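The structure appears right after this line, and notes come after that.
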Amino acid sequence: MAVERYNHRVEEPKWQSFWTETKAFEAKEDVTRPKYYVLEMFPYPSGRIHMGHVRNYTMGDVIARFRKAAGYNVLHPMGWDAFGMPAENAAMERGVHPKGWTYDNIAAMKKQLKSMGLALDWSREIATCDPEYYQHEQAMFIDFMAKGLVERRVSLVNWDPVDMTVLANEQVIDGRGWRSGAMVEKRELAQWFLKITTYSEELLSALDGLDNWPEKVRLMQKNWIGRSEGLRFSFELEDAQGNLLTDRLSVYTTRHDTIFGASFCALSADHPLVKTLSDTNTGLNDFRKSVAALGTSEENIEKAEKQGHALGLYARHPFRAGVKLPLYAANFVLMGYGEGTIFGCPGHDQRDHDFATKYGLPIIPVVAPRGESVDVSKQPYLEKDGENAELINSEFLDGMSVSAAKAEMAKRFEASGTGERRVNFRLRDWGVSRQRYWGCPIPVIHCTSCGIVPVPKADLPVVLPEDVTFDKPGNPLLHHPTWRHVDCPTCNAKAERETDTFDTFIDSSWYFARFCSPHAKVPVDPEAAKYWMGVDQYIGGVEHAILHLLYSRFYARAMTATGHLDIKEPFKSLFTQGMVIHETYKSVSGEWVLPADAKQEDGKWVHVTTGEALTVGGIEKMSKSKRNVIDPENIIEAYGADTARWFMLSDTPPERDIEWTSSGAEGAYRFIQRIWRLVNEAAEMQGGAADLTLRKLTHRSIEAVTGDLENLRFNRAIARIYELANGLQAAIAQKSIDVREAAETLVLLSAPMMPHLAETSWAVLGHKAAVVDTAWPKTDPALLFEDMVTIGVQVNGKRRDEVSVTKGITQAEIEPIVMAREAVLRSLDGKRVKKFILVPDRIVNIVC
RNA sequence: GUGGGCGUGGCGGAAUGGUAGACGCAACGGACUUAAAAUCCGUUGGGGGAAACCCCGUGAGGGUUCGAGUCCCUCCGCCCGCACCA
């Protein structure tokens with residue numbers, strides 16, 4: 001009798017309601033049980049989920065369900081990264097209020113996430129735009145201030161002219177704003193900074209302990225922090241007439257060994273000395289402007305020639321009396337690094353070489369391969385360390401290795417008090433002021449007599465006013481008629497609120513900690529955090545490798561320093577999943593065409609309805625502009641959440657990009673129907689004989705799937721489940737085998753991936769308890785043991801035969817068996833055996 | 001430029017230095033059906049052969065090893081990060 005098809009439209013909502021009603025995934029602290037905290041990067045409430053969300057949250061969900069079944073007390077929460085520019089853009093474009101827009105989006109996306117059947121603890125839901133949440137952010141900021149982790153200073157900032165706000169260095173990509181894509185300008189503004197550089201050294205060294213982070217992410221953070229060990233020292237300066245000036249020129253270098261090869265000094269166009277000189281030097285002033293106009297984008301840097309402008313001043317060589325190094329303002333020296341100055345050693349640095357060649361400056365070799373000569377006239381010699389190079393033309397350094405010369409030079413500068421060893425970092429402090437409305441208000445007040453006054457904690461939260469307008473550019477908070485006018489908490493005089501809001505990356509830098517105690521009156525309840533933190537498995541996109549993941553590591557330290565947390569590394573294990581990609585097509589006129597409208601005809605791609613020729617545009621990340629987006633809601637409606645989940649996990653390893661294909665989705669759907677048929681057939685079968693082959697397959701499957709899920713190898717786990725299903729199907733066909741264990745195991749092993757089908761199937765198999773309350777299956781070691789093993793037989797490394805032998809067979813035992821094999825004798829062809837190699841239970845290789 | 005990753009059938013991809021291509025998709029052949037869909041059975045890296053079986057094969061070339069997709073060297077190609085960092 002044919003079984004009715006599995007109807008996801010009935011079954012999926014049914015089980016989703018069941019899980020909600022039974023509070024199946026609500027987490028409670030229980031110190032008697034091991035905890036497991038699994039977290040996916042929470043979404044920005046854009047309004048609809050996309051396939052990237054489906055993939056991300058499916059992976060986390062499989063881990064959560066698997067760990068729960070395996071006996072862990074699982075915390076798997078969800079929330080909303082709800083502040084940010086798109087809400088304001090919607091307000092400006094459509095006249096809706098950011099708050100209403102955001103909460104509508106949250107409601108819509110929550111409904112969609114629920115339709116995925118995620119094992120989430122919704123009782124812990126948080127939204128960062130909720131004063132319940134951001135009041136704690138404000139309180140912690142005040143604590144950070146007291147701890148010296150906050151600074152307000154006027155600085156050159158990255159100004160995004162489209163979003164009309166400041167961006168952090170991390171948010172400027174190729175000279176453009178990470179969100180708007182507009183060329184970033186430099187502006188001087190008073191800004192709030194979080195002193196992330198306090199932890200430069202620690203954020204770097206602690207990366208070594210993050211064993212379960214991708215090497216790639218650790219390297220990216222390492223390069224971003226950018227530690228270098230060098231020497232800072234200063235030159236005496238003189239004017240064109242040789243008069244000693246009172247100012248000295250401070251430089252930072254990592255190549256102090258090459259000081260005798262110095263032939264010029266270069267200063268950033270933004271260096272204070274250059275600025276001062278340019279006030280009375282129009283040529284220099286023009287040069288400064290041309291450098292500023294060039295920008296720092298990738299193309300510009302590649303094209304830009306080294307350019308300098310002589311300052312008419314000279315630095316006195318510290319070890320060679322009478323040697324004078326001309327000073328230049330140069331376009332390749334950055335003000336933001338070191339001292340904003342360098343001494344140029346053209347013989348051993350590519351940029352310095354370019355510059356010296358252009359301006360006819362001396363190129364003096366001071367390092368050479370040991371015992372050899374070197375020609376640096378055409379290109380610099382770049383040996384930086386090792387013992388195979390020696391110093392030359394360098395007086396007291398001659399003959400030393402590079403490292404020995406550095407040490408000697410550092411010693412001499414330190415002895416004379418004109419320099420010191422210095423560790424330098426590329427990492428800058430985190431500018432967090434944003435001139436936006438839809439963000440967390442910065443809880444300070446500006447008073448003309450008291451200066452900066454933090455808002456007293458009793459007055460928190462500083463709530464965003466809702467009656468704002470978006471009719472003019474800039475910050476609506478600044479335009480609000482009354483909000484910013486307050487009395488100074490200290491002297492009661494008229495004062496003004498800070499109208500900047502926080503960078504939204506602050507919101508996401510501690511939400512994982514808030515999930516431990518989302519309703520606590522303090523930012524984080526210490527007992528709850530002690531139990532749940534850190535996150536055992538964090539999953540998200542690699543695009544957050546630096547921004548979010550570095551800020552969060554800083555925040556954990558800052559919160560620990562202020563007593564809000566007691567853990568320095570928030571994410572024990574990190575996994576960065578690949579993107580969801582899909583084919584693209586373009587019409588002759590250059591418009592993107594929906595993949596559904598493209599078809600192949602005589603090997604050429606044409607439009608389904610118009611017949612117009614199409615070009616294949618490659619398989620790319622799903623994006624609206626390329627019209628290659630597949631809406632998860634449609635897929636879930638048509639095929640069900642289990643199909644979407646199964647597809648996302650099948651075939652492609654989770655760290656790689658996965659291509660969405662309709663055939664793949666249909667394949668997943670067919671497999672669901674197939675399991676359904678197998679389960680129903682198995683449920684109807686009575687008795688039958690135990691079959692050792694099936695039982696061994698069953699237990700090997702448990703073993704393999706368990707290991708694969710522990711290691712996030714979802715695609716392999718799925719391949720194992722297919723094998724078990726194939727074995728079960730073959731056994732059912734025989735009609736005389738007891739298939740119950742195999743069928744039940746199939747259901748339980750696939751349950752983390754296809755939870756709805758698993759629940760229905762489990763009930764069909766006669767179980768009263770739900771799968772979510774059922775333990776992960778256990779292996780029987782006796783069934784994992786194989787007494788026979790098939791071993792390949794090679795002759796001179798080529799496979800010629802295979803033999804089935806008892807496991808653990810010795811060479812003495814197997815040799816006569818193998819040497820009697822016809823295929824082996826034929827391959828040997830009468831030649832004498834030189835060597836007989838047995839790798840136990842693996843392979844035999846006969847060398848002749 | 002620099003740091004990292006990757007290169008395996010028509011496709012996605014398996015493979016602790018030990019029988020390359022598990023598993024899936026697609027394709028093809030067959031069964032069932034009036035027919036189609038669904039389902040089931042089978043074939044599917046290339047070449048040779050009636051078959052047994054043989055030869056070739058993991059980007060290219062070399063090396064280490066009894067044995068290399070895996071380790072080492074050189075080269076080619078693709079992808080990602082950073083980018084004038086002194």
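The values are calculated or read from the model by the stated rules, or taken from the named source; none is laboratory data. None of the values given here were measured: they were computed from a predicted structure. All Cβ positions, even for glycine, are placed from backbone atoms using ideal geometry, and neighbour counts span all protein chains on display.
Observations
- Leading residue by the ranking (nearest to the chain's Cα centre (by Cα)) among those in the stretch A:640-656 that are near RNA strand B (Cβ under 10 Å from one of its atoms) and of a type outside the set (Phe, Trp, Tyr): A:GLU655
- Residue-level check: of (1) in contact (Cβ under 8 Å) with a residue 60 or more places away in the chain; (2) within 16 Å of RNA strand B (Cβ to nearest atom); (3) of a type in the set (S, T, N, Q), A:ASN393 misses just (2).
- Within the option set A:ASP61, A:ASP81, being in contact with a Gly (Cβ under 9 Å, 6 or more places away or on another chain) and of a type in the set (Asp, Glu) holds for one residue only, A:ASP61.
- Every residue from the stretch A:609-626 that is surrounded by 15 or more Cβ atoms within 10 Å (Cβ to Cβ) and in contact with a helix residue (DSSP H, G or I) (Cβ under 8 Å, 6 or more places away or on another chain): A:GLY617, A:GLU620, A:MET622
- Note on the stretch A:732-742: among residues that are in a helix (DSSP H, G or I) and over 22 Å from A:PRO781 (Cβ atoms), the one that is nearest to RNA strand B (Cβ to nearest atom) is A:ALA733.
- Flag for A:ALA368 being more than 11 Å from RNA strand B (Cβ to nearest atom) and either assigned to a helix (DSSP H, G or I) or at pLDDT 90 or above (or both): no
- Taken over the stretch A:695-716, the criterion of being within 19 Å of A:LEU783 (Cβ to Cβ) and in contact with an Asp or Glu (Cβ under 8 Å, 6 or more places away or on another chain) is satisfied by A:ARG695, A:LYS696, A:LEU697, A:THR698, A:HIS699, A:SER701.
- Qualifying positions in the stretch A:803-821 - in contact with a strand residue (DSSP E or B) (Cβ under 7 Å, 6 or more places away or on another chain), part of a loop (DSSP other than H, G, I, E, B) and surrounded by 14 or more Cβ atoms within 10 Å (Cβ to Cβ): A:ARG821
- Checking each residue in the stretch A:80-132 for being over 24 Å from A:ASP773 (Cα atoms) and part of a loop (DSSP other than H, G, I, E, B) picks out A:ASP81, A:ALA82, A:PHE83, A:GLY84, A:GLY95, A:VAL96, A:HIS97, A:THR128, A:CYS129, A:ASP130.
- Condition check for A:ASP61: under 30 Å from A:MET164 (Cβ atoms), under 20 Å from the mean Cα position of the chain (by Cα) and at pLDDT 95 or above: no
- Of all residues in the stretch A:481-516 being part of a strand (DSSP E or B) and of a type outside the set (A, V, I, L, M), the one that is farthest from A:ALA528 (Cα to Cα): A:LYS494
- Scan of the stretch A:570-606 for residues that are charged (D, E, K, R), without any contact (Cβ under 8 Å) to a residue 40 or more places away in the chain and part of a strand (DSSP E or B), ordered by number: A:LYS586, A:LYS599, A:GLU601, A:LYS604
- Residue in the stretch A:219-228 that is loosely packed, with under 15 Cβ neighbours inside 10 Å, within 14 Å of RNA strand B (Cβ to nearest atom) and closer than 30 Å to A:ASP398 by Cα present: yes
- Among residues of the stretch A:819-833 that are over 13 Å from A:ASN796 (Cα atoms), those with a Cβ under 8 angstrom from a residue that is of a type in the set (Val, Ile, Thr) and more than 11 Å from RNA strand B (Cβ to nearest atom), sequence gap 6+ or separate chain, pair up as A:MET819/A:VAL833.
- When the stretch A:253-265 is filtered for residues that are modelled with pLDDT of 95 or more and within 9 Å of RNA strand B (Cβ to nearest atom), nothing remains.
- Applying the condition of being on the phi < 0 side of the Ramachandran plot and more than 11 Å from RNA strand B (Cβ to nearest atom) to the stretch A:701-727 and asking which residue is surrounded by the most Cβ atoms within 10 Å (Cβ to Cβ) yields A:VAL705.
To keep it simple, each residue is scored yes or no on (1) small (Gly, Ala, Ser); (2) at pLDDT 95 or above; (3) touching a Lys or Arg at 6+ places or on another chain (Cβ under 8 Å).
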site	(1), (2), (3)
A:PRO13	no, yes, no
A:ASP30	no, yes, no
A:TYR36	no, yes, yes
A:GLU40	no, yes, no
A:GLY47	yes, no, no
A:ASP81	no, yes, no
A:ALA90	yes, no, no
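- All of (1) under 24 Å from A:ARG48 (Cα atoms); (2) surrounded by 19 or more Cβ atoms within 10 Å (Cβ to Cβ); (3) not polar (S, T, N, Q) hold for A:GLY578 with one exception: (2).
So that you can scan it fast, the table gives a plain yes or no per residue for (1) in contact (Cβ under 8 Å) with a residue 12 or more places away in the chain; (2) aromatic (Phe, Trp, Tyr); (3) over 30 Å from A:TRP438 (Cβ atoms); (4) in a helix (DSSP H, G or I):
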site	(1), (2), (3), (4)
A:ALA27	yes, no, yes, no
A:SER46	yes, no, no, no
A:TYR57	yes, yes, no, yes
A:ARG67	yes, no, yes, yes
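- Restricting the stretch A:301-356 to residues that are within 8 Å of RNA strand B (Cβ to nearest atom) and without any contact (Cβ under 8 Å) to a residue 24 or more places away in the chain, the residue that is surrounded by the most Cβ atoms within 10 Å (Cβ to Cβ): A:ILE301
- Filtered residues of the stretch A:539-566 (kept if more than 16 Å from RNA strand B (Cβ to nearest atom), among the hydroxyl-bearing types (Ser, Thr, Tyr) and within 25 Å of A:MET59 (Cα to Cα)): A:SER552
- Enumeration of residues in the stretch A:766-801 that are within 16 Å of RNA strand B (Cβ to nearest atom) and either under 30 Å from A:HIS756 (Cβ atoms) or surrounded by 16 or more Cβ atoms within 10 Å (Cβ to Cβ) (or both): A:ILE791, A:VAL793, A:GLN794, A:VAL795, A:ARG800, A:ASP801
- Filter pass, A:GLN673 being in a helix (DSSP H, G or I), farther than 28 Å from A:VAL217 by Cβ and either at pLDDT below 95 or within 11 Å of RNA strand B (Cβ to nearest atom) (or both): yes
- Single residue of A:GLU659, A:GLU681 found to be more than 10 Å from RNA strand B (Cβ to nearest atom) and closer than 29 Å to A:GLN16 by Cα: A:GLU681
- Residue satisfying condition, being at pLDDT 95 or above, out of contact with any Gly (no Cβ under 9 Å at 6 or more places or on another chain) and not polar (S, T, N, Q), within set A:ALA127, A:ALA108, A:ALA139: A:ALA139
- Within this structure, A:VAL833 fails the test of being in a strand (DSSP E or B) and of a type in the set (Val, Ile, Thr).
- Filter result (more than 9 Å from RNA strand B (Cβ to nearest atom), farther than 21 Å from A:MET788 by Cβ and not charged (D, E, K, R)) within the stretch A:805-835: A:LEU825, A:LEU828, A:GLY830, A:VAL833
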